[in-house]
Each structure stands twice: as C-alpha cells, then as structure tokens.
Amino acid sequence: MSRPLVSIITPTWQRHDLLIGCIEDVRQQTYPNIEHIVVSDGPDPEIRHALWQAGHRPRDIFNDGGPTKLQLTQLGRNWSSYLPASFCAAPIVGAQLLAHGEYQMFLADDERMEPDHVASLVDALEAKGAGFAYSQALMYMPDQHPSQGFLIGKDPPEVGHITNCLYRTELLKTGFYLFGGGMTSDWQTISRWMQAGATWAYTGKLTISHRSDHFGEV
C-alpha cells in the first residue's frame with residue numbers, strides 16, 4: 001500500500017556542507033515516499049557543482065533510482081534583516097508552492113534527522129487524525145558538541161518548544177510561513193494554524209537536532 005507523498009522543504013543560502021548533510025539525511029529516511037524541495041535564497045553558481053561532488057545530481061527535478069526526488073530552485077536574493085547571513089521567508093514560501101505532497105515538512109539545512117523521523121511523524125499524525133505532528137528536538141550551538149545542547153518539545157505546543165513539524169498541506173490555506181522578528185517565526189505560523197482549529201500530535205521521541213546558528217544574531 002502506497003503512503004502519502006511527503007514534501008520536505010529546505011531553504012538555504014550558500015551553505016553547501018550543511019545542505020549536503022541535510023540531503024543525505026533525507027535520503028536515509030525509512031519513509032518510502034518523499035520529495036525534497038531545496039530553494040536557494042539567491043543565485044549560487046557553486047551549488048550544483050557542490051552537489052555533484054557529493055554524489056547528488058542537481059537537475060531541476062530528478063530521481064536517480066532512490067526513493068527520494070530532489071528539486072533545486074534558485075531565487076533572486078531576498079535579503080533578511082533577521083538573519084543577514086542566511087535566508088529570508090521567500091524560499092520557504094516558494095518551496096511550499098512548488099511542493100506536490102499531501103504532507104509537508106520544514107527542514108533547515110542545519111537540521112539533522114534520525115532515519116525514522118519522517119515515518120514516526122506521519123504515523124503519529126495519521127493515528128490521531130491531526131493537522132500537524134512534531135517530536136522532541138535537540139538544540140545546540142555551532143561551537144558546541146550536540147551533547148552540550150538542550151532539549152525542546154512540549155505538549156501542547158508552545159513558543160520556544162517546536163522548531164520542526166510535519167503538517168497537512170491544506171493548513172497553508174490558514175497561514176504561510178513568514179518572518180516576524182524575534183525568535184518566533186516558526187511559532188507564528190503554527191499558532192495561526194492552531195487558532196484556525198488545527199490539532200496536533202506529539203511523539204515525545206528525540207528524532208531531530210537543530211544547529212542554532214542564529215542565536216544572538218537578532
């Protein structure tokens with residue numbers, strides 16, 4: 001029996017090593033039906049070469065025989081006053097519009113997943129009939145070993161305790177992602193979904209880590 005398509009959305013901006021690690025984590029997921037939408041927030045002449053060197057074929061849309069289809073799109077530069085050395089909201093929204101999946105999931109280029117991350121979120125969402133699902137997450141700084149990080153994740157969801165989730169694409173009718181300042185951009189989107197009546201499922205499992213590059217940049 002085929003499973004619903006999950007579109008994994010990754011915004012990026014000239015961080016090739018992080019992006020390659022992110023793509024490899026997506027390729028290692030046990031969930032059998034995934035497309036990976038990577039959107040660069042500006043022209044990046046080296047990105048395709050970097051992916052080729054890492055063994056990923058950066059065509060516009062391709063499937064090299066594996067379970068994952070990868071789509072790469074480059075935008076004009078959309079400078080972010082919130083994350084001046086990173087991406088703006090445009091690549092996230094662009095990826096949401098390009099995606100084909102019944103479910104979508106945010107995945108920053110500095111996030112790393114356990115192989116069962118997507119499968120466990122889909123299972124939790126479907127078991128509860130929820131609008132979105134999330135897990136416990138490990139947050140750490142670039143100069144730290146992950147063991148020095150801290151855990152986030154609470155049920156019900158609250159600001160500061162959710163940074164990655166899988167959601168039904170239909171929730172985009174009630175709110176797209178947008179940067180609003182501070183550290184609450186993810187939360188602003190999720191809170192709009194909840195205000196519109198979306199329910200959630202929390203696995204309580206630690207299946208994702210987030211390298212918090214932007215702490216202190218605001």
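Within region 99-119, being of a type in the set (Gly, Ala, Ser) and surrounded by fewer than 21 Cβ atoms within 10 Å (Cβ to Cβ) holds for GLY101, ALA119. Considering the conditions (1) open to solvent by 20 Å² or more (accessible area, probe 1.4 Å); (2) within 15 Å of the chain's Cα centre (by Cα); (3) hydroxyl-bearing (Ser, Thr, Tyr), TYR140 is excluded by exactly one of them, (2).
The condition of being open to solvent by 10 Å² or more (accessible area, probe 1.4 Å) and either among the hydroxyl-bearing types (Ser, Thr, Tyr) or farther than 22 Å from GLN28 by Cβ (or both) holds for GLN148.
The values are calculated or read from the model by the stated rules, or taken from the named source; none is laboratory data. What you are looking at is a predicted structure, and each value in this text was computed from that prediction instead of being measured. Note that each Cβ is placed from the backbone with ideal geometry, even for glycine, and that neighbours are counted across all protein chains shown. Side chains are part of the model used for accessible areas, which takes the heavy atoms of the whole protein and leaves out ligands, DNA and RNA. Shrake-Rupley method; radii C 1.70, N 1.55, O 1.52, S 1.80 Å.
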